[in-house]
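Contents: one structure, followed by commentary.
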Amino acid sequence: LWLAPNGSALSSEGLLRQMNARGFTGQLASAIIAIPPRPIVGTPAEISTKNMMADKVSPSPGNFEAALFGPLPSQLSLPQVDHSAPVSGKAQQDGEPDAMFASWYRRGWSTTSPKVKLEVLLRPRVTPDHWEKSASDNLRLSLYSSLLEEEMAPKLYGFIEPGASYKVVVSHQGISLKFDGFPQLLPGLINSTMAEVKRGLPKRNLARYERLQREYKELLASHSAMPITYAVQDRSLLLTPGVHSNEELLAALSKISESEVALSTSELLFDRPLEGRALIMGNLGTEAARTAIEDVRNRMLDAGAFFGGNHNEGEVLSVQPVVDPQRPVELRKQNPRPGDPNDVAVVSLLVGVSTVESRVLYGLLGEMLRQLAYNKLRTSMQLGYVVNAGSLLISNVLAVSTAIQGKAIQADHMEAAVEQVYYDIMPSFLRTLSDDDFKAHRNAYRQQLLQPPLGFSEEFKHFWSPVTNNQTCFKLQDEMLEFLEEVVTSKEPLVEAWSRLVFPAAGVRRKISVKYFAGEIPERPTKVDAAAVWQKFGVPSAGYEVLAREFDATAVLSRADSEVRAQLVRGGDYFAHALHCERSVAKNVTATSLGKTDTVSWRITHLEAQLRKEQLRKTASTEQAEVEGQKIAGLETQLRGQAEEKMVLIEQVNAANQKVADLEAQVHVLGREKTLAAEEAEIAIQRIADLEAQIHALGREKTFAAEEAEAANQRTADLEAQLSKQTEEQSAMAEHAQMANERNVDLETQLQEQANERAVAEEQADAADQKITDLEGQLREKAAEAWMAAEEANVANQWVANLEARLRDQRPEDGQEVQQPISRLAVRRAGRWFLRGGGSTSSMMAPR
């Protein structure tokens, strides 16, 4: 829809017509403009609260669970139907409950909510050789579930806005259907949801399927979470059948076609009988609850469920099987996050199939271990940013685990530090635990068991788990509270339980170690090197013996996937599919974690001892044989009675053992939900530890920030003082600069004047030089002329002297004519002419 100018919604065609009418001839963009918010339609105007509150139960011994969560649900009797044909037109047999679809109902909530919540789980029967599923089959069903959700979401949005919700999940474990909402909305929500489930994926949409495939590939190929999360997943992968690694799923994903996905439910689920479990709780009456569940069942029958196969073949996996490796297992892998500098070590010890007693004992020990491990490994040794520890359930198997993520030391050394906690820190803590401290821990654990639900969803979940586990364990918390109050009155049971776990008298522990290494994976240390590391981290000598036995027996793995898990099963087995939810069974018939307490066997032994005693008495004295004959006969009669009693007791033991076997067969029920809950709990614990660490880090950062702020304020004050001083100095310098500038101006003026004067002087000097040069030239000419004049004068004088001498020599004789004498002036002129080259001396001497 598009937003029109008047605020109403227009279709794309309508908007295009309006735009064409205004001269727009281009193409309409694909972006969508949001329409204005509209009123929510369909919310019930009035909601009856007649059935909203559950009946109140007063707390009392053996009844605390009901006081917290309300009365137990009661089983509804649905009419049985023929599962071999579609339900349409089928006659239902009233009065006979449907054994294939067990349904439970509880009116109201112990918390407060006007809503109703319904969950239905349909699971196939499988034989042990079908516990493992291929990666391709798992992906086909998962892709089908995702595509179905995309089909349903826009069609059922009208129920979401008024306050209802739904969830349909299809997997190899079966089909899960969840509904919740106001009572008036529930019938329509169920009807519309089941119609979509029946319709399935009728149309092919290759573009959508390829997009979903790309999203799956991106999800499987990416590692956006912390490395410790993937380490925990690898541990579950090694122990839980039917699960596959991301590498296996990626390899199978590209080979699956859209048509194979569309046919996955009919080929992988509806080809065998399904068994149903349903629970409905909340604000509605009994008949409305029965109608809702019956509607879901009948719609599933119409969709093709419950067809084919032998109903007696296989069993429903109400308890997820767990691999029992029967020896230590060590997984060594590279950190899956590229460039992440952290190593990871997850060290888990499998206790075994859980009982009421072991849940309480290791629950208490787990709380103590959590704090001790954090204080030692995180706070004291600073081994990693993430450290968490405690007890957990993997399906029905109890375990104790510690996990570290950090870059201070490598994973092999992290494992040694954890072993030091197991072998030294924890036993020392238990030995020195005072009575008052023990009572404080015990009371804290008791308060955990007495914690009420926080909302109606948590209240529903409390009862949903027993419903899916063959309707067992409804009063598990009461059993645990009774055991805590009656048996765990001192620390001795805790000391014994911990010692039995970490110090086995013979053999090895069921230990699962997952190690991630940043960068290259180092070679596994030799036994000698490993012992040196144990010693370095303070593992006591008693722990050495166990670790040395385990070192040689450990199965070292380089990857975690379904093939490796199959190898572990071949070398070991599966844990029993048993749920021990009542103390009486574990205490009187079977060997529990506290040891054998078989009163029947004791009684038989006692009777046999009495029999031997009477036989000795019978043969002790032949003299009194006749006297004692009747007595012996009576004793023999008594012994025959005792023998009969013994046979009865043996039959009771056999019956009890059969009951145990039946219970163990039923125990198979608590599986997947508990596995997921355990993983969620571990992730939640990890998240809490992360948050605590973040809070701690933020506190330190806040302290550092305060110190830095104080230092900054001091620095600011210093800088302000320096700035003030510098401002004063700058003012003085400015005045000096101004004076200097003025002096510079004066000096520049003087320099300019001097430069001008110098230029004038240089011009005058040049003129004087030129004048001197001219005068020197004139002087040289005058000197030359003077010299020449002197020379001429000398020559002339000499010539004149010569002439005068010649004249004197040439006086006329008496009688000769005397010529007119030559004047001196004429002589000088003649000498000058001679000097200038006018003639020779002889020519000058010639008379004229």
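With a probe of 1.4 Å, find how much accessible area segment 127-238 has per residue, and write the answer as a whole number in Å². Each step should come with its number before you reach the end.
Numbers: 4900 Å² over 112 residues.
Here the residues of segment 127-238 average 44 Å² of exposed surface.
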Using a 1.4 angstrom probe on the protein heavy atoms only, could you order R17, R211, R378 from most to least accessible area? R17, R211, R378
How far apart, in nanometres, would the label points at Q18 and E753 be if each is projected 7 angstrom from Cα along the Cα-to-Cβ direction? 8.8
Euclidean distance of C-alpha centroids, segment 111-137 and segment 500-530, integer Å: 36
Please list W787, W104 in order of solvent-accessible area, largest first, computed with a 1.4 Å probe with all protein chains present. W787, W104
Segment 200-258 and segment 446-496: distance between their alpha carbon centers, rounded to Å: 35
Rounded to the nearest 10 Å², the accessible area of H172 using a 1.4 Å probe with every protein chain kept is 40
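Residues of segment 251-337: accessible area per residue at 1.4 Å, in Å²? Mind showing how you got there, number by number?
Working: 2960 Å² over 87 residues.
Ligands and nucleic acids excluded, the result is 34 Å² per residue.
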Run the quick spin-label model on S380 and T286: label points 7 Å from Cα toward the beta carbon, then report their separation in nm to one decimal. 6.1
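By its C-alpha gyration tensor, with a ≥ b ≥ c as the square roots of the eigenvalues, how is segment 100-177 shaped: rounded for a/c under 1.5, else prolate for a/b larger than b/c, else oblate?
Working: a/c = 3.59, a/b = 1.41, b/c = 2.55.
Oblate.
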Given a 1.4 angstrom probe, I'd like the percentage of the accessible area of segment 434-526 that is carbon and sulfur, rounded to a whole number. 52
Show E762, E287, E150 ordered by accessible area, largest first, where the area counts protein heavy atoms only and the probe is 1.4 Å. E287, E762, E150
In whole Hz, the Karplus estimates of ³J(HN,Hα) for segment 334-346 (6.51, -1.76, 1.60; θ = phi - 60°; x where Gly or Pro) are 7, 3, x, 8, x, x, 6, x, 8, 9, 9, 9, 10
Once you order the gyration tensor axes a ≥ b ≥ c over the Cα atoms, which shape class does segment 349-456 get: rounded for a/c under 1.5, otherwise prolate or oblate by comparing a/b with b/c? prolate
With the 1.4 Å probe rolled over protein heavy atoms, segment 410-465 has an accessible area per residue in Å² of 44
Computed for segment 116-174: size of charge dipole around the Cα centre, +1 on C-beta of each Lys and Arg, -1 on C-beta of each Asp and Glu, debye to nearest 20, value 180
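Of the accessible area of segment 155-240, with the probe set at 1.4 angstrom, what percent is carbon plus sulfur? If you can, show how the numbers build up before the last one.
Values: 2130 of 3810 Å².
Roughly 56 percent, rounded to a whole number.
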Quick one: which residues, 5 or more positions from Q334 or on another chain, have an amide H under 5 Å from its amide H? H modelled 1.01 Å from N in the peptide plane, none for Pro or chain starts. F517
In nanometres, what is the gap between the two model label sites at E545 and A767, each 7 Å from Cα along Cα-to-Cβ? 12.7
Non-local residues with an amide H under 5 Å from the amide H of V329, with H modelled 1.01 Å from N and Pro and chain starts lacking one, are K511, I512, S513, A555
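Once the other residues with Cβ under 14 Å from the Cβ of L568 are scored (Lys, Arg +1; Asp, Glu -1), what is the net sum?
Working: positive: R235, R327, R510, K511, R559, R565, R570; negative: E132, D234, D324, E330, D561, E563, D573.
Counting the neighbours of L568, the net charge comes to 0.
The values are calculated or read from the model by the stated rules, or taken from the named source; none is laboratory data. None of the values given here were measured: they were computed from a predicted structure. With ideal geometry, Cβ positions are generated from the backbone for all residues, glycine too; neighbour counts draw on all protein chains shown. Protein only, heavy atoms only, side chains kept; ligands, DNA and RNA dropped before computing areas. Shrake-Rupley method; radii C 1.70, N 1.55, O 1.52, S 1.80 Å.
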